[in-house]
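The values are calculated or read from the model by the stated rules, or taken from the named source; none is laboratory data. Predicted model, so just to flag it, every value in this text is computed and none were measured. Cβ coordinates were reconstructed from backbone atoms using ideal geometry, including for glycine residues, and neighbour counts include every protein chain displayed. Quick note on the areas: whole protein, heavy atoms, side chains included, nothing else; ligands and nucleic acids left out. Shrake-Rupley method; radii C 1.70, N 1.55, O 1.52, S 1.80 Å.
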Amino acid sequence: MPDAVLSPDLEILNSQCREFITSFVHADVAHDITHIERVVRVAIQLCDAEQANMSVVLPAAWMHDCVAVAKNHPDRANASTMAADKALEFLKSINYDESLFDDIHHAIAAHSFSANIKIKTVEAQIVQDADRMDALGAIGVSRCMKVGGSISRLLYNPDDPFCIEREADDKKYTLDHFFIKLLHIAESMNTPSAKAEANRRTTYMHEFLEQLKSEIGE
């Protein structure tokens, strides 16, 4: 997808959001500042392709992970709503257009799987799609391996690496996460532009698995 050009006002907002996020973000290995930057870039591309409101999508993409809660924490399902609340506090501090606050809050709160909030706007669809896109393609493979290594998970089951005759278990084997989640993400994309890019990235992931099969003698 080609990069979109931001208006001068949105370029200023882009810099303000990045400065705010980089001043405090200390997330896990898969949700660092580079993850946020990639989500923003894809969100801008999708927003341009879908002709949505960039003034909503841009700040929502920057702020979507501004509150980090561990996956096993009892408040995990509320993390995106807490992030949305924090985002509005920041936007108020820079005198951003308050008529956009409801849509920005919704786009951030609804992007999360665990929040289980029904998406109401194309801008929220775009932020969710951009976040999910970062789990696909070469970046998706890299992040999956990085997370697996950080928790000392085995790369694959040596007896059945590709889950042919067993149920996938990504708590034990990193490769199993492909079959449980990653290879199915494209099906959950909301916007046409995201579906096309997600399918392209998923094709790469299938090619990666075929290459891995050849290298481990399967």
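Considering only residues that are open to solvent by 50 Å² or more (accessible area, probe 1.4 Å) and within 20 Å of VAL67 (Cβ to Cβ), look in the stretch 32-44 and name the one that is modelled with the lowest pLDDT.
Result: THR34.
When you scan the stretch 2-27, how many residues do you find that are at pLDDT below 90, more than 17 Å from VAL56 (Cα to Cα) and open to solvent by 80 Å² or more (accessible area, probe 1.4 Å)?
4
Name the residue that is nearest to LEU10 (Cα to Cα), counting only residues in the stretch 106-118 that are surrounded by 12 or more Cβ atoms within 10 Å (Cβ to Cβ) and free of Cβ contacts under 8 Å to residues at least 24 places away in the same chain.
By that ranking, first place goes to HIS106.
Quick one: is GLU207 open to solvent by 10 Å² or more (accessible area, probe 1.4 Å), assigned to a helix (DSSP H, G or I), farther than 20 Å from PHE113 by Cα and charged (D, E, K, R)?
Against the criterion (open to solvent by 10 Å² or more (accessible area, probe 1.4 Å), assigned to a helix (DSSP H, G or I), farther than 20 Å from PHE113 by Cα and charged (D, E, K, R)), GLU207 qualifies.
Which numbered condition in (1) within 24 Å of SER55 (Cα to Cα); (2) out of contact with any helix residue (DSSP H, G or I) (no Cβ under 6 Å at 6 or more places or on another chain) is the only one that ALA124 fails?
Among (1) within 24 Å of SER55 (Cα to Cα); (2) out of contact with any helix residue (DSSP H, G or I) (no Cβ under 6 Å at 6 or more places or on another chain), the lone unmet condition for ALA124 is (2).
What about LYS71, is it at pLDDT below 90, part of a loop (DSSP other than H, G, I, E, B) and open to solvent by 30 Å² or more (accessible area, probe 1.4 Å)?
Details: at pLDDT below 90: yes; part of a loop (DSSP other than H, G, I, E, B): yes; open to solvent by 30 Å² or more (accessible area, probe 1.4 Å): yes.
In short, yes.
Which number in (1) surrounded by fewer than 15 Cβ atoms within 10 Å (Cβ to Cβ); (2) modelled with pLDDT under 95; (3) charged (D, E, K, R) marks the one condition that ASP65 misses?
Every condition holds for ASP65 apart from (1).
Yes/no per residue for (1) open to solvent by 20 Å² or more (accessible area, probe 1.4 Å); (2) closer than 26 Å to ALA124 by Cα:
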position: LEU154; (1), (2): yes, no
position: PHE162; (1), (2): no, no
position: ASP169; (1), (2): yes, no
position: TYR173; (1), (2): yes, no
position: ALA186; (1), (2): no, yes
position: ARG201; (1), (2): yes, yes
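Is one or more of the residues making up the stretch 148-162 on the phi > 0 side of the Ramachandran plot and modelled with pLDDT under 95?
yes
Residue check: is SER99 within 23 Å of ASN53 (Cα to Cα), open to solvent by 60 Å² or more (accessible area, probe 1.4 Å) and assigned to a helix (DSSP H, G or I)?
Yes; evaluated as a whole, the condition is true for this residue.
Looking at the stretch 166-195 only, could you name the residues that are over 20 Å from SER150 (Cα atoms), within 16 Å of the chain's Cα centre (by Cα) and assigned to a helix (DSSP H, G or I)?
Within the stretch 166-195, LEU183, HIS184, ILE185, ALA186, GLU187, SER188, SER193, ALA194, LYS195 meet the criteria.
Can you tell me which residue is farthest from LYS195 (Cα to Cα) among those in the stretch 80-96 that are surrounded by fewer than 21 Cβ atoms within 10 Å (Cβ to Cβ) and touching a helix residue (DSSP H, G or I) at 6+ places or on another chain (Cβ under 6 Å)?
Step by step, filter the stretch 80-96, then rank; the result is ILE94.
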